[in-house]
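Encoded as structure tokens, the structure appears first; notes follow it.
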Amino acid sequence: MFYQKFNSSIPYNFDVREYKNCSYPLHFHRDFELLIPLSGEINIAIGSESFTVCEGEYALALQNEPPSFSVREDGALLVAVF
């Protein structure tokens, strides 16, 4: 697990990115992280809880709660950090 510094201080305290066919390792920062599947099934872990979310659902990691995710080839995930 690592501390994601660039999402934890001004002016980088709001960021939106789309992820496809990739994994992002367990990390933490001082901001909230909203994970919104755009297509496919996305495997998400927040702390010690793991689950699969689909389009129309979302997951929210609170401040200093470590998330990670894995997006399959057929999936797309929107991640907003604020």
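The values are calculated or read from the model by the stated rules, or taken from the named source; none is laboratory data. Quick caveat, the model's predicted, so the values are computed rather than measured. The area values use the complete protein model at the heavy-atom level, side chains included, leaving out ligands, DNA and RNA. Shrake-Rupley method; radii C 1.70, N 1.55, O 1.52, S 1.80 Å.
Kindly identify the range 39-80 as rounded, prolate or oblate by the Cα gyration tensor criterion: order the square roots of the eigenvalues as a ≥ b ≥ c, call it rounded if a/c is under 1.5, otherwise compare a/b with b/c, prolate if a/b is larger, else oblate.
Details: a/c = 2.06, a/b = 1.75, b/c = 1.18.
It is prolate, given that a/c is not under 1.5 and a/b is the larger ratio.
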Per residue accessible area of the chain, 1.4 Å probe, in Å²: 60
3J(HN,Hα) from dihedral phi, the range 66-80, Karplus parametrisation 6.51/-1.76/1.60, rounded to Hz, x for glycine, proline: x, x, 8, 7, 9, 10, 6, 3, 8, x, 9, 10, 9, 10, 10
Label assignment, Cα Rg over 2.2 N^0.38 Å derived from the structure, set [x] 1.00; [y] 1.17; [z] 1.65: [x]
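Of the accessible area of the range 37-76, with the probe set at 1.4 angstrom, what percent is carbon plus sulfur?
Values: 970 of 2230 Å².
Percent of accessible area from carbon and sulfur atoms in the range 37-76: 44.
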